[in-house]
Structure formats: structure tokens, C-alpha cells
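Below is one structure, written out as C-alpha cells, with a few remarks after it.
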Amino acid sequence: MENFTLQDIVADAKPFLQSAWNKSGFEKPTAIQVKTAAFITEGKDVIAESPTGSGKTLAYLMPLLQRIDHNKKDVQVVVLASSHELVMQINQEVQSWSQDSGISSATLIGGANVKRQIDKLKKKPQLVVGTPGRIQELINQKKLKMHNVKTIVLDEADQLLVPEHLSTIQQIIKSTLSDRQLLLFSATLSGVIENNAKGIMNDPEIIRVSAKDVDRPVTDYIYFVSEARDKIEFLRKLVRNHDMKALVFVRDINTLSVLAEKLDYMGIASGVLHSDTKKQEREKSIKEFREGKSELLLATDVAARGLDIPDLSHVIHMDLPLESNQYIHRSGRTGRLGSTTGTVISIVTVAEERELKKFARKLDITVIKKELSRGNIIDIK
């Protein structure tokens, strides 16, 4: 990609954005940021698909922060996200990029104290980030006023435009004026989700960025073949002989629980994330992993949504997902912007090896078979 600058995203960038850009250390915008900037600035509806870790959050935040009028004490932008973690991560980006701007934000999350959130709204934030259920609840209570909202963003839209959320999303959108802007960003968008999106949008611009277009750190894809019963012992050898900060994906909660118990017995510290994990336990697992107190974070696909761990060295597939898109979505959590490199490891059976090779052909990536010798990763002779 050419050497674009901040001004290619935000024309006449306000001083606070220029300052944040300089502090960020970014040399140039990413493909998705450059391709969506003009449309967002013009107020057009946008459907954007771009790989995990390609800078989607800043793609919409920078032009929107530029447009927010900090003198108007009304909510002007609403960002919807499917998980608590993703809401908090988006808000961290908002705070980092809006320093000294006079713009304030609030997070509105289901399960949190609603009275405290109402108090946040009394402080008149210009931007709110929240989960659909809580946003709708506060709209119904007339605590969140939507008549001055200019833009609604659906972050990880493929998790929002699903049957359980679709009606709520539609109600939130209907609470705004008809000339509002709607932005949808996701790493993966199926035909069904795209059609659902078009049904609630005004002639959207559709922008797709492929993995090839993403100027990001190098990710190595390697795999080992193992008997199913030996996978956990294989993982133990990997962890014991290599310094790693790894997110480990498994198929379901039962498999995850067994893995966690066996690792604990082996003396390997790991955190767990699955749909039944309580909020406090989830936060503890993520905090300890980020702080280096645990080497591994074990997760199911649903529980890992919205998870962004800086300096994640490895993604390990203990079980392959059902679809190739999910494989690349998982894998994209390492080798993200701002890091140097990342390694994706798949521990597969002979049958799964065939499936992995199908994924690789479909995704146009190279997966290299390796083996362990005295704990060292070596090439197959």
C-alpha cells in the first residue's frame, strides 16, 4: 500500500487527532481505514469487511471523532458491540484518540449497575458504546435520548445481525431520525448477514479488504500431527519448552473444562473463557493473562469474541473450527497491528490434517508441517 497519512483518513484533522496519531507511532493508515474514510466523512452508510486485527475500530472512530461537535451536549454517536470486552476495548480507543478534544464517552453494558449508567448519561456524553440490550433498555426508559444521534456503528456486525439481536437492533435504529448514518464493520460477513444489513440501511457502500491487502506483521502458520488422546501432552511440551503468550481454542465447554483440569494438574497456569464463565471469573482470567500470571488463555469461539490481547505471541488450535472463516478469524488475534510477528499452531489428527489443508487452499495461506524433537520445533525431514 502507498505511504498514506492521517490526512488520507481525516481531512483537516483537528489538533487532538493529529496529536493522538503522533503518539500512536503508526506510520500509515491501514487499507480499511483509507477505503472507508471518505464515505464515513460524507455521512454515507457503509458495510465494511476486513480481517481481524486490520484496524477496523479506528477506521470508523477517527472520522467520527473529527465530526463530533464537543460543544453540543447530546449523544451524537452510538457504537453497538456484542460483548462486554469489546465495549470496553472500543471505549479505551475512544479515550485514547479523543484526549484534549472536549469529547466525552460512556459505556452501557448489560449486567452492570443501571443506576450508575444513568448517572453517566446525565453527564451528557457525545459518544456511547454499549451492548444492544442495555442500550434499548435505556432508550425505553427515556434515559438515552436518540434524537440527536447522527451515526450508529455496529462493530462485529456478524454477531449483532443475528436472530436473537436483530429485533433489538432494528428498534434502536428506529429511535433515531431517518437521515442518520449506519456503519457496519466485521471480520466476516455472510450473505445472510449482508442481506439483513441492507434491509436496515440506506444504499450502503460495500467495502471488502482481503487478508492480502492488509499490511500487517508476518504470521507463521505451522501444524503438528498428533493422536487425539495425545494432544494435551503435546500442548504441555510446547508450553514447557517455548516462551509463549498463547490463546488456545477448543471446540466446546466440556473439552475446555477437561483441558483446564489436566493443565492445572501438570502445573501449567491457564485462564478459561466460555459462555458459562461468570463475569468476575472472566475478568480475572483476562487480567491474569495480560499480566503474564498465566501462560495460556483457553477459549471457545463465542467466548473469545471481541477479545484483543496486546503482544499475543501464539494462537493454538486444539480443535479445528467448522469453517475456514472461523479459522482465520481465530488466527488473526496474533500478529496484529503494532506487534512484530505472530505464530499460529494447529495440533491436528490425521483426519484433521486433510481439513486444515482444505482451509489453507481456500484462504490462500501456507501451513507448514513441523514436529517436536526434545521439545524443539523442527522441520519434517
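In order along region 41-58, the Karplus-derived 3J(HN,Hα) couplings, from 6.51 cos²θ - 1.76 cosθ + 1.60 at θ = phi - 60°, round to 4, 6, x, 7, 6, 9, 10, 10, 10, 7, x, 4, x, 9, x, 5, 4, 5 Hz, and Gly and Pro are given as x.
Note on residue 123: lysines with a C-alpha under 26 Å away, same-chain residues under 8 apart excluded, are 14, 72, 73, 115, 142, 143, 145, 150, 174. For residue 189, no residue whose modelled amide H falls within less than 5 Å of its own remains once neighbours fewer than 5 places apart on the same chain are excluded.
Put simply, the amide H of residue 144, placed in the peptide plane, has neighbours under 5 Å in 139, leaving out anything fewer than 5 places away on its chain. Here residue 287 and residue 115 are evaluated by their C-beta separation; at R0 = 25 Å the FRET efficiency comes out at 0.50. Kirkwood radius and radius of gyration were both taken over the C-alpha atoms of region 6-212, and their ratio Rg/Rh is 0.93. Length, then width, then depth: along the principal axes, the Cα atoms of region 85-187 run 38, 32, 31 Å. Pairwise Cα distances in region 217-379 exceed 20 Å for 47 percent of all pairs. Taking the inverse of the mean 1/r over every pair of distinct Cα atoms in the chain gives a Kirkwood hydrodynamic radius of 21.9 Å. Between the Cα long axis of helix 15-24 and the first principal axis of the chain there is an angle of about 10°, rounded to the nearest 10.
Every read-out reported here was derived from the displayed coordinates using simple, explicitly stated rules and does not represent laboratory data. Bear in mind that the values here come from a model prediction, so they are computed numbers and not experimental data. Here Cβ is always computed from backbone atoms with ideal geometry, including for glycine, and neighbour counts include all displayed protein chains.
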